[in-house]
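Student: Take a look at this one; I'll ask things after.
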Amino acid sequence: MKALIAILAGLAGLTSLSAAEPPRYNVLFLIADDLTRTALSCYGNQVCETPNIDRIAAEGVRFTRAYCNATYCGPSRASFLSGYYPHATGVLGYTSPRPQIGDRATLPQHFKNHGAYAARVGKLYHMGVPGGVEDHGGDPSEERYNGADDALSWTERFNTPGPEWRAPGDGETLEGNPDGKKPVVGGNTFVVVEADDGDLAHCDGKTARKAAELIAMHSDGRFWIGAGFVRPHVPFVAPRPYFEAFKPYEKLVLPPKLPGDWDDIPKAGINYKTSVNMQMDERRQRKAIGGYYASVTYLDKQVGVVLDALEKSGQMEETIIVFTSDHGYHLGEHDFWAKVSLRDESSGVPLLIRVPGKKPAVCDSLVELIDLYPTLSALCGLPAQDRLQGMDISPLLDEPSRSVREAAFSVAPMREGFLLRTKEYAFIQYGEDAAKGIELFDVAKDPDQFRNLASDPAHAATVASFREKMDERLSQVRHNDLGN
Ligand SMILES: [Ca+2]
């Protein structure tokens with residue numbers, strides 16, 4: 001019987017492949033690196049203006065409660081591109097998911113298998129920034145520039161190395177440099193460079209132009225083009241004019257600092273980068289925000305280049321546009337900086353989906369990046385795959401007031417941290433048995449997540465219920481067809 005089922009399943013597979021129709025739409029997949037939604041004007045930022053990203057928001061659906069499935073590059077990208085949670089594949093670091101998924105198709109590969117031209121420009125899977133994208137000369141197609149890429153996902157792929165922290169200009173190392181004697185350095189370090197050269201000198205300018213060129217070249221057939229930008233990941237490098245709006249840096253406002261803020265945070269919940277361990281005084285903190293915003297406005301300009309190319313190609317009404325980031329970022333909230341943290345600034349992501357013919361809307365449903373694979377497949381009429389762990393959230397595009405998930409689930413493997421985020425609460429535990437601490441925030445009353453209610457007896461039942469739900473969620477995630 002089993003054999004018969006296998007044969008029938010095999011035949012069904014063959015039929016669907018032989019009857020493969022090209023996808024109904026093109027997909028233009030735009031992804032930033034380390035971009036918190038709080039930095040975008042379409043999400044309410046009053047200082048950092050992002051008119052091009054806002055264009056997508058104005059014509060598409062803007063998700064206010066979208067969460068990544070892991071709060072740093074490697075596992076987040078491996079997850080939403082493969083369609084499996086980090087604890088399903090075990091990809092918790094900076095590697096490709098290919099060894100774990102075998103010959104199963106990734107998101108772009110599914111489109112490729114159904115007749116689309118699938119291209120990567122820049123960073124889609126993990127690439128070290130700046131280390132992996134620094135231009136050391138030679139041909140950009142050399143293997144050393146591919147990072148933790150997955151060749152099977154693409155018809156073609158293009159790397160766009162740039163000068164990064166070595167860009168000529170005015171640079172300053174803000175992190176670990178209290179006496180100001182350290183020169184500008186590489187690595188995952190807070191460095192600001194007000195660069196002399198223009199847009200095209202840097203990675204994202206090259207990524208935008210290459211993506212624009214590919215759109216023009218492939219306007220007569222279906223495509224899935226991913227443009228992966230590296231800003232606003234550190235180093236905060238952008239051409240000089242992008243910094244002007246944020247100067248003098250002294251005028252930038254820091255998030256509120258509460259005395260004793262860390263007293264109710266478990267040790268594992270203190271982020272890996274803080275104002276304290278980075279030795280950044282308030283001048284440096286303000287400049288870090290200015291450098292980040294300059295990087296975001298530079299990124300926004302490059303997004304505009306790609307959108308203009310799409311418009312010019314005449315494909316706007318045949319193309320789905322997605323804009324997102326691999327995870328969010330702290331800009332000094334609780335004196336935390338960067339990613340990894342499971343609080344909203346770091347686990348929340350911008351998510352904009354524009355589908356031709358659908359009305360612009362704002363959607364407050366909880367959604368996850370892992371939902372993108374089944375959703376884009378459904379929108380383009382490609383076969384659904386039961387094995388995928390995300391949900392098809394395309395019904396939300398027609399009925400944005402609906403809600404499809406009770407909770408979003410995200411992880412910070414570096415901290416053994418796990419998040420369940422409902423509309424009412426953020427529940428975070430450290431360790432699979434929560435032995436390293438728990439945080440519970442009433443996000444309706446305390447959106448900035450200042451009061452940890454985990455040890456409040458009045459919330460004991462809520463904590464117990466979340467503990468159970470977390471165990472269930474992890475068990476569901478590990479129940480899959482990968483056999484890991
Ligand atoms: Ca990242």
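The values are calculated or read from the model by the stated rules, or taken from the named source; none is laboratory data. The model shown is predicted, which means the values in this text are computed figures rather than measured ones. Virtual Cβ from ideal backbone geometry, glycine too; neighbours counted across all protein chains shown.
Student: Kindly provide the set of residues from region 393-434 that are of a type in the set (Asp, Glu) and over 19 Å from His327 (Cα atoms), ordered by number.
Tutor: Let us first name the residues in region 393-434 that are of a type in the set (Asp, Glu), namely 398-399, 406, 416, 424, 432-433.
If the condition is that a residue be of a type in the set (Asp, Glu) and over 19 Å from His327 (Cα atoms), then Asp398, Glu399, Glu406, Glu424, Glu432, Asp433 are the ones that fit.
Student: Kindly indicate which of Leu92, Leu4, Leu8, Leu14 is at pLDDT below 95, surrounded by fewer than 22 Cβ atoms within 10 Å (Cβ to Cβ) and within 17 Å of the chain's Cα centre (by Cα). Working first, answer last.
Tutor: Details: Leu4 fails: within 17 Å of the chain's Cα centre (by Cα); Leu8 fails: within 17 Å of the chain's Cα centre (by Cα); Leu14 fails: within 17 Å of the chain's Cα centre (by Cα).
Checking each option against the conditions leaves just Leu92.
Student: So Asn52 ticks every box in (1) part of a loop (DSSP other than H, G, I, E, B); (2) more than 16 Å from the ligand (Cβ to nearest atom) but one. Which box is left unticked?
Tutor: Unmet for Asn52, out of (1) part of a loop (DSSP other than H, G, I, E, B); (2) more than 16 Å from the ligand (Cβ to nearest atom): (1).
Student: Continuing with this model, one more query. When you look at Glu432, is it assigned to a helix (DSSP H, G or I) and farther than 26 Å from Leu258 by Cβ, yes or no?
Tutor: Values: assigned to a helix (DSSP H, G or I): no; farther than 26 Å from Leu258 by Cβ: yes.
Against the criterion (assigned to a helix (DSSP H, G or I) and farther than 26 Å from Leu258 by Cβ), Glu432 does not qualify.
Student: Please go through region 346-361 and give me each residue that is more than 20 Å from Glu406 (Cβ to Cβ) and touching a residue at least 12 places away in the same chain (Cβ under 8 Å), ordered by number.
Tutor: Ser346, Pro350, Leu352, Ile353, Arg354, Val355, Pro356, Gly357, Lys358, Pro360, Ala361
Student: Checking the condition touching a residue at least 12 places away in the same chain (Cβ under 8 Å) and either surrounded by fewer than 19 Cβ atoms within 10 Å (Cβ to Cβ) or within 16 Å of the ligand (Cβ to nearest atom) (or both), which residue from Asn45, Asn69 passes?
Tutor: Asn69
Student: Just checking, which of Tyr373, Tyr430 is aromatic (Phe, Trp, Tyr) and more than 21 Å from Phe29 (Cβ to Cβ)?
Tutor: Details: Tyr373 fails: more than 21 Å from Phe29 (Cβ to Cβ).
Selected residue: Tyr430, the only one of Tyr373, Tyr430 that is aromatic (Phe, Trp, Tyr) and more than 21 Å from Phe29 (Cβ to Cβ).
Student: Select, from Ser295, Ser275, the only residue that is within 16 Å of the ligand (Cβ to nearest atom) and modelled with pLDDT of 95 or more.
Tutor: On the way: Ser275 fails: within 16 Å of the ligand (Cβ to nearest atom).
From the options Ser295, Ser275, the qualifying one is Ser295.
Student: A follow-up question, please. If we scan region 214-227, do we find a residue that is within 16 Å of the ligand (Cβ to nearest atom) and at negative phi? Write out each step before concluding.
Tutor: Of the residues in region 214-227, the ones within 16 Å of the ligand (Cβ to nearest atom) are 226-227.
If we keep only those that are at negative phi as well, we get 226-227.
Taking every residue of region 214-227 in turn, at least one turns out to be within 16 Å of the ligand (Cβ to nearest atom) and at negative phi.
Student: Is it fair to say Asp398 is surrounded by fewer than 23 Cβ atoms within 10 Å (Cβ to Cβ), among the acidic types (Asp, Glu), under 27 Å from Gln315 (Cβ atoms) and in contact (Cβ under 8 Å) with a residue 40 or more places away in the chain? Steps first, answer last, please.
Tutor: Details: surrounded by fewer than 23 Cβ atoms within 10 Å (Cβ to Cβ): yes; among the acidic types (Asp, Glu): yes; under 27 Å from Gln315 (Cβ atoms): yes; in contact (Cβ under 8 Å) with a residue 40 or more places away in the chain: yes.
Yes.
For (1) within 21 Å of the chain's Cα centre (by Cα); (2) closer than 27 Å to Tyr373 by Cβ, each residue gets a yes or a no:
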| position | (1), (2) |
| --- | --- |
| Gln285 | no, no |
| Thr297 | yes, no |
| Ile321 | yes, yes |
| His327 | yes, yes |
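Okay, residues lined up against (1) within 30 Å of Phe450 (Cα to Cα); (2) surrounded by fewer than 18 Cβ atoms within 10 Å (Cβ to Cβ); (3) without any contact (Cβ under 8 Å) to a residue 24 or more places away in the chain:
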site	(1), (2), (3)
His202	no, no, no
Ile215	no, no, no
Arg222	no, no, no
Glu244	no, yes, yes
Pro266	yes, no, no
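Student: In region 254-310, what residues are under 18 Å from Cys42 (Cα atoms) and of a type in the set (Gly, Ala, Ser)?
Tutor: Scanning region 254-310 gives Ala294, Ser295, Gly304.
Student: Against the definition (within 11 Å of Ala66 (Cβ to Cβ) and hydroxyl-bearing (Ser, Thr, Tyr)), how does Ser341 come out, yes or no?
Tutor: Considered against the rule, which asks whether it is within 11 Å of Ala66 (Cβ to Cβ) and hydroxyl-bearing (Ser, Thr, Tyr), Ser341 comes out as no.
Student: Further question on the same structure: For region 373-426, name all the residues that are under 18 Å from the mean Cα position of the chain (by Cα) and at pLDDT below 95.
Tutor: Residues satisfying the conditions are Pro413, Met414.
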